[in-house]
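Comments concern the structure below.
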Amino acid sequence: MVAQKQPLRAGPVRLCCAAMRNLQAVILCAGLGTRLRPLTLATAKPAVPLLGRPLVGYGLELLQRAGFDGALINTHWQPEAMAAAAQAEARALGMGLAVSHEPEILGTGGVFRQLRASGLLDPASDLLVLNGDVLFDVDLPRVLERHRATGAAATMVLRPMPPGGGYSPVEADAEGWIRRIGPHGVAGRGTGRLFTGVHVLSPRALDLLPPGESGVVERLYAPLLAGGDQVQAVEEPGTWLDLGDPAGYLEAHLTLLGGDWPLARHGVHRPAAIHPEARVDASARLVRTSVGAGAQVGAGAVLDDCVLWPGARVADGERLSRTIVTGSVRVAVPLQAGGISGG
């Protein structure tokens with residue numbers, strides 16, 4: 001099912017040079033969200049609220065601030081809810097949105113082949129790709145400028161590997177050309193970095209993808225690495241929050257509630273911790289807690305390091321700590337070793 005027929009391009013607001021005009025953007029939203037269950041039983045992971053706003057909205061606003069007037073998303077799990085959340089965010093931003101549904105998941109490579117086949121993706125345009133399940137403080141214009149300046153077939157955005165992260169390392173040489181991605185390529189050519197999920201793919205790179213399901217590393221990046229000097233690296237050290245499981249989801253909230261707003265430098269607005277349409281009794285005590293629209297907190301309730309989704313309810317006198325509350329479930333998140341809690 002396709003909700004938009006015409007390809008969407010970047011507008012002239014920031015990406016104003018002629019070399020940038022043939023450019024499109026997709027936010028990947030088709031994952032199952034298995035690690036985040038039960039929070040994702042009724043919604044896709046990119047639609048879960050972060051500070052009361054669907055996570056996908058931050059990616060869309062990053063694109064808008066970088067000059068895009070439209071974007072593409074793909075859906076699979078809970079597609080109606082996912083599409084509705086993204087469409088509402090796009091409308092609020094004045095952006096166009098194209099939706100491509102995958103009855104069967106096509107993988108990290110097959111999605112791009114389907115977008116081309118459906119006519120949503122201009123075969124002559126470069127494609128900027130964002131993951132819909134992370135919040136990343138990334139300078140998109142800088143990334144796109146590097147991609148065009150180097151003439152790379154693809155450009156991957158990297159950041160320092162977090163301690164004990166367990167992610168496949170990506171290594172680049174002194175000139176910024178990537179030589180290894182996980183098991184593919186030649187190891188020992190640079191310090192292992194984390195692939196953030198943000199990358200830019202040229203038409204000649206996308207031509208490598210076969211029909212049907214495929215993985216972008218195996219079917220696109222591995223052949224490019226074998227050809228040499230085709231995949232460029234851009235390092236962006238900004239805040240990168242992975243909301244992949246309940247612990248990561250809660251810690252992302254606590255990070256944002258306890259410090260600066262990392263997307264401020266891109267002009268992305270910061271939502272209030274307590275939504276103006278929430279009802280919090282004056283006698284309740286909230287510490288590092290996010291409360292969504294329509295949520296209710298009763299008299300004398302004490303909430304410490306909690307997340308309340310839109311429409312959630314906390315009764316009079318309840319005491320909750322490190323708990324995610326939705327309209328249907330509550331998920332308590334144990335304190336990790338070395339973690340901190342609110343006071």
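Among the listed residues 31, 57, which satisfies the condition of being within 19 Å of the chain's Cα centre (by Cα), modelled with pLDDT under 85 and either in the same structural domain as residue 99 (by TED's automatic domain parsing) or closer than 29 Å to residue 278 by Cα (or both)?
31
Residues being over 24 Å from residue 282 (Cβ atoms) and part of a loop (DSSP other than H, G, I, E, B): count how many of those fall in the range 323-338.
9
Where residues in the range 267-277 are surrounded by fewer than 16 Cβ atoms within 10 Å (Cβ to Cβ) and farther than 19 Å from residue 326 by Cβ, which of them is modelled with the highest pLDDT?
276
Mind checking which residues of the range 34-66 are in a loop (DSSP other than H, G, I, E, B) and either surrounded by fewer than 20 Cβ atoms within 10 Å (Cβ to Cβ) or free of Cβ contacts under 8 Å to residues at least 12 places away in the same chain (or both)?
Across the range 34-66, the qualifying residues are 37, 38, 41, 42.
Is it fair to say residue 72 is in contact with a strand residue (DSSP E or B) (Cβ under 7 Å, 6 or more places away or on another chain), in contact (Cβ under 8 Å) with a residue 24 or more places away in the chain and aliphatic (A, V, I, L, M)?
Taking the combined requirement at face value, the residue satisfies it.
Can you say whether residue 320 is within 25 Å of residue 65 (Cα to Cα) and either in a loop (DSSP other than H, G, I, E, B) or not charged (D, E, K, R) (or both), as far as the supplied structure shows?
no
Kindly check whether there is at least one residue in the range 192-206 that is without any contact (Cβ under 8 Å) to a residue 24 or more places away in the chain and either part of a helix (DSSP H, G or I) or farther than 14 Å from residue 108 by Cβ (or both).
no
Residue by residue through the range 207-224, note down the ones that are buried (at least 17 other Cβ atoms within 10 Å of the Cβ) and either not in a helix (DSSP H, G or I) or not assigned by TED's automatic domain parsing to the domain that holds residue 147 (or both).
Once the filter is applied, which keeps residues that are buried (at least 17 other Cβ atoms within 10 Å of the Cβ) and either not in a helix (DSSP H, G or I) or not assigned by TED's automatic domain parsing to the domain that holds residue 147 (or both), the range 207-224 yields 208, 209, 213, 214.
Tally time: how many residues in the range 278-320 are surrounded by fewer than 19 Cβ atoms within 10 Å (Cβ to Cβ), of a type outside the set (D, E, K, R) and within 30 Å of the chain's Cα centre (by Cα)?
Residues flagged as surrounded by fewer than 19 Cβ atoms within 10 Å (Cβ to Cβ), of a type outside the set (D, E, K, R) and within 30 Å of the chain's Cα centre (by Cα) within the range 278-320 amount to 6.
The values are calculated or read from the model by the stated rules, or taken from the named source; none is laboratory data. Since the structure is predicted, the reported quantities are computational estimates derived from the model, not experimental observations. All Cβ positions, even for glycine, are placed from backbone atoms using ideal geometry, and neighbour counts span all protein chains on display.
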